[in-house]
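Student: Starting off with a structure, shown below.
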Amino acid sequence: MIKELEQGDVIDGAYLIKDAVKGVTNAGLNYLTIILQDSSGYLEGKKWEVSADDLKICYPGNIVYVTGETNTYKGKLQAKIFSVKEVNKNNIDLSDLLIESPIKISILEEKFKNYLNKIVNPDCKAILNDIFARYYKDFKEFPAATKNHHEFYHGLIYHTISMCELAEMIAHHYEDVDLDLLISGCLLHDLGKVIELSGIVGTKYTIEGNLLGHLTIGMAIIRETANKLGIKSEVPLLLEHMVLSHHGKLEYGSPVLPQTKEALILSIVDDLDAKMMSLEKALEVTPEGEMSEKIFPLDNRSFYKPQK
């Protein structure tokens with residue numbers, strides 16, 4: 001398992017390629033930087049002698065058999081890759097290679113159903129039931145991103161449930177928060193990612209994802225659903241606003257800023273949950289008493305991991 005590797009260990013097994021980038025040395029020779037993945041984590045590797053076959057099979061989402069050894073570069077464990085070969089994917093258990101949610105999917109599904117069942121507002125309930133009847137399978141399996149936060153199997157539902165829990169606590173602390181609307185917004189805020197992203201293996205942005213983005217896609221799904229159901233209240237409009245504004249700032253991709261109490265809370269818990277996941281990932285591989293690597297979503301800051 002990648003998480004158990006130490007300097008000087010032999011690498012000999014099947015891995016999922018999370019990313020592969022071709023580079024050129026000063027001598028004009030091709031090399032590959034490959035991010036290997038198994039269910040325990042990621043490992044960056046370099047293959048310095050690259051053949052045409054290597055270039056053909058080393059692409060994100062492919063599973064290859066890798067031989068090599070580990071070394072340390074600038075204090076970080078890396079792989080020196082000797083060879084990569086195609087494998088018979090019928091003999092591979094994909095669950096051995098996919099990083100899963102820290103919480104079991106059965107627990108996440110139960111929490112999701114509980115939140116769905118708590119909704120009393122009939123228009124919120126109708127919209128949620130119709131949408132998740134169509135998109136639930138992808139919603140529970142997809143990652144929430146291609147990198148940085150919740151980019152693992154079941155990451156989207158994990159992130160969503162975490163936000164619901166945070167939002168519920170905040171709603172009980174302040175007066176006049178519409179909990180039905182807030183939880184509905186949490187459940188729907190990233191739904192567009194099931195169209196924006198390509199899937200659970202070798203996740204990348206689709207054409208719709210690149211051209212529209214998940215905020216616009218999610219808003220369109222809500223509007224289409226509300227029109228189909230003949231809902232005339234302002235609930236669809238408020239949910240659309242929450243989806244469009246949940247990135248919180250124009251420079252973060254929201255076309256509008258939060259302008260309702262529920263939209264503001266949604267944007268805050270989304271930002272908090274994403275940043276905390278990025279921080280937890282960085283600290284997990286940081287020794288106690290040392291600073292983490294710079295974390296891009298946190299303004300490229302390093303964070304200290306206290307000694308216990």
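Student: Treating the angle as unsigned and between 0 and 90°, give the value, to the nearest 10°, between the Cα long axis of helix 261-284 and the longest Cα principal axis of the chain.
Tutor: The two axes meet at around 20 degrees.
Student: Remind me, relative contact order of the stretch 67-191 in percent, using alpha carbon pairs under 8 angstrom and six or more residues apart?
Tutor: Details: 119 pairs, mean separation 26.0, N = 125.
Value for the stretch 67-191: 21 percent.
Student: Separate question: Relative contact order of the stretch 150-214: what whole-number percent is it, with Cα pairs under 8 angstrom and at least 6 residues apart? Numbers along the way, then the final one.
Tutor: Values: 48 pairs, mean separation 16.6, N = 65.
For the stretch 150-214, the relative contact order is 26 percent.
Student: Arrange the peptides 123-134, 262-273, 64-75 so that the one whose residues have, on average, the most other Cβ atoms within 10 Å appears first. Each step should come with its number before you reach the end.
Tutor: Values: 123-134: 17.9, 262-273: 21.3, 64-75: 14.8.
Ranked by mean Cβ neighbours within 10 Å, highest first: 262-273, 123-134, 64-75.
Student: Still on this structure, I have one more. What are the radius of gyration and Dmax of the chain, computed over its Cα atoms and given in Å?
Tutor: For the chain, the Cα-based Rg and Dmax read 21.6, 67 Å.
Student: Now a separate question. Quick check: with the 1.4 Å probe, what order do 50, 235 take by accessible area, largest first?
Tutor: Solvent-accessible surface, decreasing: 50, 235.
Student: Turning to a different aspect of this structure: Only Cα pairs under 8 Å and at least 6 apart count here; give the relative contact order of the chain as a rounded whole percent.
Tutor: Relative CO of the chain lands at 12 percent.
Student: Using the Kirkwood formula on the Cα atoms of the stretch 54-149, what hydrodynamic radius do you get, in angstrom to one decimal?
Tutor: Working: mean 1/r = 0.0564 Å⁻¹.
This gives a value of 17.7 Å.
Student: On C-alpha positions alone, give me the angle between the axis of helix 235-245 and the longest principal axis of the chain, in degrees, nearest 10.
Tutor: 30
Student: How far is helix 214-229 tilted, in degrees, relative to the longest principal axis of the Cα atoms in the chain, given as a value from 0 to 90 rounded to the nearest 10?
Tutor: For helix 214-229, the angle is close to 40 degrees.
Student: So if the hydrodynamic radius of the stretch 171-235 is defined as the Kirkwood radius over C-alpha pairs, what does Stokes-Einstein give as its diffusion coefficient at 37 °C and 0.692 mPa s, in µm² per second?
Tutor: Numbers: Rh = 13.6 Å.
Answer from the Stokes-Einstein relation: 242 µm²/s.
Student: Size of the dipole of the stretch 1-67 about the Cα centre, Lys and Arg at +1 and Asp and Glu at -1 on the beta carbon, nothing else charged, in debye to 20? Spell out each step's value before the answer.
Tutor: Numbers: 6 positive and 10 negative charges, 61 e Å.
The calculated dipole for the stretch 1-67 is roughly 300 debye.
Student: Could I ask something else about it? Solvent-accessible area per residue for the stretch 25-144 at a 1.4 Å probe radius, Å²?
Tutor: Details: 6490 Å² over 120 residues.
So the stretch 25-144 comes to 54 Å² accessible per residue, rounded to a whole number.
Student: Ignoring any ligand, DNA or RNA, what whole percent of the accessible area of the chain comes from carbon and sulfur when the probe is 1.4 angstrom? List each step's numbers first, then the result.
Tutor: Working: 8610 of 16290 Å².
Summing carbon and sulfur atoms, their accessible area is 53 percent of the total for the chain.
Student: Using a Förster radius of 51 Å, what is the FRET efficiency between residue 237 and residue 290 based on their Cβ-Cβ separation? Nearest 0.05, please.
Tutor: Working: r = 49 Å, r/R0 = 0.97.
Efficiency, from the Cβ-Cβ distance: 0.55.
Student: Applying a 10 Å radius around every beta-carbon, put 210-223, 280-293 in order of their mean neighbour count, most first.
Tutor: Details: 210-223: 19.1, 280-293: 14.0.
By packing density, highest mean first, the sequence is 210-223, 280-293.
Student: Further question on the same structure: What do the square roots of 5 times the Cα gyration tensor eigenvalues come to for the stretch 151-308, in whole Å, largest first, as semi-axes of the equivalent ellipsoid? If you can, show how the numbers build up before the last one.
Tutor: Working: eigenvalues 182, 80, 35 Å².
Each semi-axis is √(5λ); the values are 30, 20, 13 Å.
The values are calculated or read from the model by the stated rules, or taken from the named source; none is laboratory data. None of these values were measured; they are calculated from a predicted model. We place every Cβ from the backbone using ideal geometry, glycine too, and count neighbours over all the protein chains shown. Note: areas computed on protein heavy atoms with side chains; ligands, DNA, RNA excluded. Shrake-Rupley method; radii C 1.70, N 1.55, O 1.52, S 1.80 Å.
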